[in-house]
Amino acid sequence: MTIGVPKEVKDHEARVGLLPSGVKALTEAGHKVLAQAGAGVGSSLPDEEYAHAGATIVPTAAELWSKSDLVIKVKEPQPSEYGFLRPGLTLFTYLHLAPLPDLTDKLVQAKVNSVAYETIREADNSLPLLTPMSEVAGRMAVQVGAQYLEAPNGGRGILLGGVPGVAPANVVILGGGVVGHNAAKMAVGLGAHVTIIDRNLERLRNLDDIYSSTIVTLASNDYTIRESLKHADLVVGAVLIPGASAPKLVRRDMLPSMKKGSVIVDVAIDQGGCVETAHATTHTDPIYFVDGVLHYCVSNMPAAVPHTSTFALNNATFPYLMELANRGLKGAVAHSNAIREGVNTYEGHIVYPAVAESQGKQWKELSAVI
């Protein structure tokens, strides 16, 4: 199989879908790897390392996409890449299609077979390819929040951990999953007062055992969220329903009661955001204000630390990529239920129900079309 590694084109996206170590393993297994010139430079991985590992360096994106059987990326195809989509191509990347009906239409029309990192699910219900970037984004959310709480950046002028004699910031985390847990780790480590809100009581019990009395855990409901927001300096949106649009837990009418200069970091923005006033932003233009509340909603947060993120992502994705390369998509789906769960579009059909339901579209069982 010929595997293509394009240079990412999303705003400030410096991660890369495959490491030189992965190139070496794939070529030793008999596959051919094409790497677009400069694909790994943003992650401190020069073309020479790819060439030394056995990749063929291709000068343009058009050539790379046209010659590849399988393209491995980090982020969903951007409008400038839509023209490269074609029947029979397998695309392996983060897609987050629920809030992207136009991209979904393009994948269906071009009959691209797309496998989404974020919906690959193992038998224990874990999401192994979402976990590493959720860990990065959760930790970054608190770093970013602390930065934007500073007055020169538009915030209230609050030091997250406070100092002796001055109370620390109140951090409210909506969701106790991987993002929420990692956000809590950072916030507790910096000395903030942390509240985690989740609807899963068993998860709250686990978090209470982990953090003992250093955090407050609350069962999720409209009243609890509304009251917690009134006292929050930093709110981290960390809610996930795999493949589907995130529920709007923070509604527009809750913002006026929040402190002016408080900060919302909506990590769920990839799936449409869990804050009603959230819309995706970029690293170039990351923030905006609604009712005096600063919103940070960058949809590819881990791209700010591309070296760390690329290695963390590849640690998780590579075994699945090797499976796809060795068996082909049909063979991999037959052999691996996790990869079957990852398929979002196939031969002109949406085959992941949560995506179709989020967009009000028709879908088919993968087994009916493969």
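Just a few scattered comments:
- Single residue of 66, 44 found to be among the polar types (S, T, N, Q), open to solvent by 60 Å² or more (accessible area, probe 1.4 Å) and under 27 Å from residue 101 (Cβ atoms): 66
- Flag if residue 63 is modelled with pLDDT under 95, closer than 23 Å to residue 14 by Cβ and either hydroxyl-bearing (Ser, Thr, Tyr) or not in a loop (DSSP other than H, G, I, E, B) (or both): no
- Filter result for the condition that a residue is in contact with a His (Cβ under 6 Å, 6 or more places away or on another chain), under 25 Å from residue 286 (Cβ atoms) and not acidic (Asp, Glu), over 168, 152: 168
- Condition check for residue 176: over 25 Å from residue 269 (Cα atoms) and part of a loop (DSSP other than H, G, I, E, B): no
- Options 247, 256; residue that is free of Cβ contacts under 8 Å to residues at least 60 places away in the same chain and part of a helix (DSSP H, G or I): 256
- Inter-residue pairs, beta-carbon under 8 Å, first in contact (Cβ under 8 Å) with a residue 60 or more places away in the chain and in the stretch 191-208, second polar (S, T, N, Q) and open to solvent by less than 80 Å² (accessible area, probe 1.4 Å), 6+ apart: none
- Of the residues examined, residue 138 is one that is touching a residue at least 40 places away in the same chain (Cβ under 8 Å) and not hydrophobic (A, V, I, L, M, F, W, C).
- Some residue of the stretch 295-318 being crowded, with 23+ Cβ neighbours inside 10 Å, over 30 Å from residue 32 (Cα atoms) and aliphatic (A, V, I, L, M): yes
- Boolean, residue 73 is within 24 Å of residue 351 (Cα to Cα), open to solvent by less than 50 Å² (accessible area, probe 1.4 Å) and of a type in the set (D, E, K, R): yes
- The single residue among 172, 178, 188 that is farther than 27 Å from residue 257 by Cβ, of a type in the set (A, V, I, L, M) and in contact (Cβ under 8 Å) with a residue 24 or more places away in the chain turns out to be 178.
The values are calculated or read from the model by the stated rules, or taken from the named source; none is laboratory data. Small disclaimer: the values here were computed from a predicted structure and weren't measured. Here Cβ is always computed from backbone atoms with ideal geometry, including for glycine, and neighbour counts include all displayed protein chains. Just so you know, the surface numbers come from the protein's heavy atoms only, side chains and all, with ligands and any DNA or RNA stripped out. Shrake-Rupley method; radii C 1.70, N 1.55, O 1.52, S 1.80 Å.
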